[in-house]
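Please read the structure below before turning to the comments.
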């Protein structure tokens, strides 16, 4: 429940209160160290007991937090003072025992004020740490985005990809299939232009991501010919959501590189998008041979999973389902 830094901070704070209490009375008659130790120990105990109560309202609005914290601080301060006065009057016997019931609340204002200050400090530290965590998540997301942009450019100008395209162009020209060679060259030019002329963005719409995937697959279709069959299953209107730029490209590339499509017989690439009220589900599946099977997530899929986790703060998921003949990657994205 309590981390090490909280406990160390508490000990330091209440030790400082003990010193202030002692030396602020030095000109008159300072209380004994036993008196001070009892006082700050009860204050420490009371403040620690407040932590679960304050944690329970962290999801509330700031106004609700302020009202609840003020009420709790008042009651905690009075409780602290009552416990100490009982100890002082009946155990330490450092004051006159001839008092009325309300004497148990003697100096209650001082205790309540100190407890309110403690609560203000608690919320100040909480929001500072919350801000730092948000800042760190943003920095991590930016670093991952930059890394993903570099990886995206690597996919966009993949030397192996270009080598295969140029090799196919050379073969088509040797066969004097000028029409197909020109078509392939035009598709490659269009794809490179759309990929490189625009500045990389951190996020894109699902519609733009699908357009980029289609442009990529147009080239691969020319390259593989009949060996690559693509089956699209898209809703009439794609959901208007933002996602990390190029998040689907590594999955598509892996399906072509490691699936049956790269074999002599070829295969089918299925791309399905479905929506519910709160979630958009992207499913990419392909034929898969056990000889290509690898245990667990590959590096590309691990990076994709980490990008989703950071970008959506754990609200998105990436899962894999495979058997002896099929390999399926399912990505669930929140609509909001």
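Rule-based calculations on the coordinates, nothing more; no lab input. Computed from a predicted structure; not experimentally measured. Please note: Cβ atoms are built from the backbone with ideal geometry, for glycine as well, and neighbour counts cover all protein chains shown.
The Rg/Rh ratio for segment 4-135 is 1.02, where Rg is the radius of gyration of the alpha carbons and Rh is the Kirkwood radius. Computed over segment 226-336, the alpha-carbon pair-distance distribution with 10 angstrom bins reads 14, 46, 32, 9, 0, each value a whole percent. Among 306-318, 270-282, the peptide with the highest mean count of other Cβ atoms within 10 Å heads the list, and the full ranking is 306-318, 270-282.
From most to least packed by mean Cβ count within 10 Å, the peptides 240-253, 38-51 give 240-253, 38-51.
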